Amino acid sequence: SSVYEAFLGRPEQGRTFFHGHTYTANPLACAAAVANLDLMVSRNTVAAAASIGDLLGTALGPLAALPGVTQIRRIGTMTGIEIGPFDPALRAGMRVCRKARDRGVIVRPLGDVIVLMPPLAIGAEDLALLVDVVSDSVGEVLAELG
């Protein structure tokens, strides 16, 4: 085929198809990964993340009681706040995210599910800010959409 033939030639012609995989045992990447794993163990990251997830779940409790919040799903710190059901054309999830962004918090929607994925190193103050801003933004959008 013409694509195959485009790469044929002598080495000095520089027509080689230079291709490699991201995960081909790059020594620097492997060293960085091992160092990261060591840091995670020394900083007790997994237990800290579980604790943050528990705090997040507790802090979102009042939001779950709002009419229009159909479900809050969480595994660890990864959280989905589903609102609605609304007409997809209303883009309720996007509206919540824009209101949160106006307050300095960046979250993303998947349809009408607001996704929270805080960093594992988040502190209590920042976690409270995240929950407060998202809760207020959800409440405002739900009030607007009635």
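The values are calculated or read from the model by the stated rules, or taken from the named source; none is laboratory data. Since the model is a prediction, treat every value here as computed from it, not as a measurement. All Cβ positions, even for glycine, are placed from backbone atoms using ideal geometry, and neighbour counts span all protein chains on display. Accessible surface areas use protein heavy atoms only, side chains included; no ligands, DNA or RNA. Shrake-Rupley method; radii C 1.70, N 1.55, O 1.52, S 1.80 Å.
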Practice task
Scan the chain and hand back the longest stretch that contains none of the trypsin sites (Lys or Arg not before Pro) lying in DSSP loops with at most 16 other Cβ atoms within 10 Å.
Solution key: 44-90
Problem - Relative contact order (%) - criterion: Cα under 8 Å, at least six apart; region: the chain - result: 18
Handout entry: the stretch 40-146 - percent of accessible surface contributed by carbon and sulfur, probe 1.4 Å
Key = 59
Completion exercise
Quick calc of log₁₀ I(q)/I(0), the stretch 105-146, Debye, one scatterer on every Cα, no solvent, q values 0.13, 0.28, 0.34 1/Å, result -0.31, -1.06, -1.22
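With each run of n ≥ 4 DSSP H residues scored as -39500 (n - 2.57), what mean residue ellipticity at 222 nm is computed for the chain after dividing by its residue count and rounding to the nearest 500 deg cm²/dmol?
Here the helix-only value at 222 nm equals -15500 deg cm²/dmol.
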Fill in the blank from the handout: Of the convex hull drawn through the C-alpha atoms of the stretch 17-102, the volume per residue in Å³ is 201
Handout entry: the chain - convex hull of the alpha-carbon atoms, volume per residue in Å³
Key = 197
Fill in the blank from the handout: Share of Cα-Cα pairs in the stretch 70-125 beyond 17 Å, whole percent, is 40
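At 1.4 Å probe radius, can you tell me the per residue accessible area of the chain in Å²?
Values: 9750 Å² over 146 residues.
That works out to 67 Å² per residue.
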Handout entry: C-alpha long axis of helix 27-42 to longest principal axis of the chain, angle in °
Key = 30
